[in-house]
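For reference, the structure is listed below as structure tokens.
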Amino acid sequence: MPTEKLTQVVRQQLGLGRLLPLGQAADGVWVAEEAAVGVLLRPVRGSRLSGVRIGLADPGRTSEPAVPPPPSALRPGPLALSADLAVTESRPVRDAADAVRATLLSAAERDLGLALETVDLRVTEWLESAAGEEAGAAGDSSRTSGPPGDSHGGEGGAHDGAEHLARAVLAVDGVARLAPVVGPALSRVAAGPAPHAVDVTETGADRGRHVLVQLALSPTRRALDTARAAREAARAALADGGDGERGSGNGGEHATVAVLITAIDRA
């Protein structure tokens, strides 16, 4: 099976959905579609959403990410959300759809930092008013817990410094835990090593190292702000190498860091 096809199958089995760019190309942050959708649905009231999907609004308007992305992640660019909408009979359909659309767009920026540009809603069902009151929670597919943390390095745990990076990331306000899902060897997932939350990859003597950090967040801060802080903490940890001496991290000055948010907990 081709690598890209296997990646798609594994991703579907894990239930992550697409890996969406968060913020701008320079941020180096991605979020699992499942986690993003869960956050977006929380403030929705009086209506019910299903079949929610988020993808690129226009593949021609994407940018090259500043750092190597996680496997199969979407390139940074404006995003579009589509969903089926069930509304109550207590208000006009257009008003209900406009209210839900405004709620989603607001939550995308306020709670996530997601570049959501358009929301396409298809009204498919009428709800009893009482049922609609609970609609916001009914469609929430977010994860409230994640896989156990694994702070070892990449292939076979080759980099002792991964433990130091993990401690630095976990100290960031808003980081709930390390939550590895996408591993360094998706093409060998059936027989390869278990995924790691902090994967350190050598990119060559001149280019330093690349780190992919996979984590779960608490909802205390906007997801993008927490991820940016986690990325900077990892970069600083790479630079000092764990011994307090700046630049002794063997590649820290040239290191790149990407952050993948795999889960966002409920308050």
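Quick look at the values:
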{"read-out": "Residue match in the range 96-110 (condition: among the acidic types (Asp, Glu), within 18 Å of Trp30 (Cα to Cα) and at pLDDT 95 or above)", "value": "yes"}
{"read-out": "Count of the range 51-96 residues which are of a type outside the set (Val, Ile, Thr) and surrounded by 14 or more Cβ atoms within 10 Å (Cβ to Cβ)", "value": "26"}
{"read-out": "Residue that is modelled with pLDDT of 95 or more and touching an Asp or Glu at 6+ places or on another chain (Cβ under 9 Å), where the choices are Ala57, Ala36", "value": "Ala57"}
{"read-out": "Any chance Gly15 is at pLDDT below 95 and not assigned by TED's automatic domain parsing to the domain that holds Thr103", "value": "yes"}
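The values are calculated or read from the model by the stated rules, or taken from the named source; none is laboratory data. These numbers were taken from a predicted model, which means no experiment stands behind them. Counting neighbours? That spans all protein chains shown, and the Cβs are built from the backbone with ideal geometry, glycine included.
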